[in-house]
Each structure stands twice: as structure tokens, then as C-alpha cells.
Amino acid sequence: MHALKKNRPLRRIVLASAATVSGMVMLLSLKPHASPQAALALPAPSGSASASSGSGSATTGTKTVTGDTIQTRWGPVQVRVTIKDGRLTEVTAVSYPTDNPRDQEINSYALPRLRSEALQAQSADIDTVSGATYTSDGYRQSLQSALDSAGS
């Protein structure tokens with residue numbers, strides 16, 4: 001006779017309960033990619049960077065350029081830069097994942113760090129923020145496309 005059949009019904013109950021709890025924990029820990037309504041409301045990715053405003057060349061005056069929209073696993077990331085007299089003076093995340101509280105929590109600490117590093121490095125050669133890998137990669141790519149468009 002099998003060990004789990006009749007002699008030990010309590011063991012079967014414990015194993016079944018543990019399996020059910022484990023399954024529920026895994027199910028509840030899954031993060032949805034995006035709701036259908038959110039997917040429809042997302043802006044279409046632009047094929048090239050667009051200059052929002054600009055005056056002068058990359059070495060003189062002030063130029064504001066918006067980088068490409070980079071589609072990441074959790075949503076689009078897009079960055080706008082301002083270059084004054086050849087120096088990166090402002091970096092703003094125009095779009096980034098905000099579909100759920102976890103996205104908002106991650107981006108509340110990741111975006112200021114990415115901005116600070118970009119301003120300090122004066123380039124897109126910045127470190128990835130731990131816990132925000134996809135956002136960091138999208139930020140870096142959009143930043144590089146904006147800098148390329150600005151001629152920096």
C-alpha cells in the first residue's frame with residue numbers, strides 16, 4: 001500500500017495545504033504587464049527624436065531636445081534634455097511606467113538618481129539603479145538619442 005493512502009491522512013492534508021498556499025503566493029506575486037486600457041492610452045513610439053525647442057548650435061545657446069520613446073518590459077520611458085552652452089543642464093523624464101503602486105515606488109527613487117548621474121556624467125554613460133533595471137536601460141537609451149539629436 002502507498003505511504004500516502006490510508007495510514008497517514010494527516011500527511012496528505014498537510015501536503016495539499018502547503019501546495020495550495022505555495023500556489024496562491026506565486027499567483028499573487030505575479031505582476032501584470034499592463035491593463036488593456038493602459039495599453040491603448042500609451043503614446044505611440046516615435047521613430048526619431050524631436051526637438052521641442054532650440055536656439056543656436058550645440059555649443060552656444062540653449063537647446064531642449066526630447067529623446068526617443070523606449071519601450072521597456074513595464075512601459076515606455078522617454079527623456080527630455082536641456083543643453084546650455086554645450087553643457088547638459090537639465091534632464092527630465094517625460095514618460096515612465098506608472099501603471100501600479102510598485103512602478104511608482106521604484107520610479108520615485110530611480111528617476112532622481114538617474115537624473116543626478118546624467119548631470120554629473122554629462123553623458124548617457126550612467127549606472128543602472130538597482131531594482132529599476134528596465135527603467136534605467138530605457139532612460140539611458142532615450143537620453144543617448146536626445147544627446148545624439150542635440151549634437152552633443
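General observations
- Whole-Hz couplings from phi, Karplus 6.51/-1.76/1.60, listed for region 9-15; x for Gly and Pro: x, 5, 4, 4, 5, 5, 5
- Summed side-chain charge close to residue 127 - residues other than residue 127 whose Cβ falls under 14 Å, Lys, Arg +1, Asp, Glu -1: 0
- For region 65-82, 3J(HN,Hα) per residue [Karplus equation, 6.51 cos²θ - 1.76 cosθ + 1.60, θ = phi - 60°, Hz, x = Gly/Pro]: 10, 9, x, 4, 7, 9, 7, 10, 4, 9, x, x, 10, 9, 10, 10, 10, 10
- Taking all protein chains together, 84, 63 sort by accessible area into 84, 63, largest first [probe 1.4 Å].
- Here the gap between residue 12 and residue 85, fully extended at 0.36 nm per residue and compared with their Cα-Cα distance, gives a gain of 19.0 nm.
- When the Cα atoms of region 79-152 are aligned to their principal axes, the ranges along those axes come out at 39, 19, 16 Å in descending order.
- Accessible surface for residue 11 stands near 110 Å², nearest 10, in the context of the full protein assembly shown (1.4 Å probe).
The values are calculated or read from the model by the stated rules, or taken from the named source; none is laboratory data. The shown structure was predicted, so the numbers you read here are calculated from the model rather than taken from an experiment. No Cβ is skipped: glycine too gets one built from the backbone with ideal geometry, and neighbour counts run over all protein chains shown. Each accessible area value is taken on the protein alone, full model and side chains, heavy atoms only, with ligands, DNA and RNA left out. Shrake-Rupley method; radii C 1.70, N 1.55, O 1.52, S 1.80 Å.
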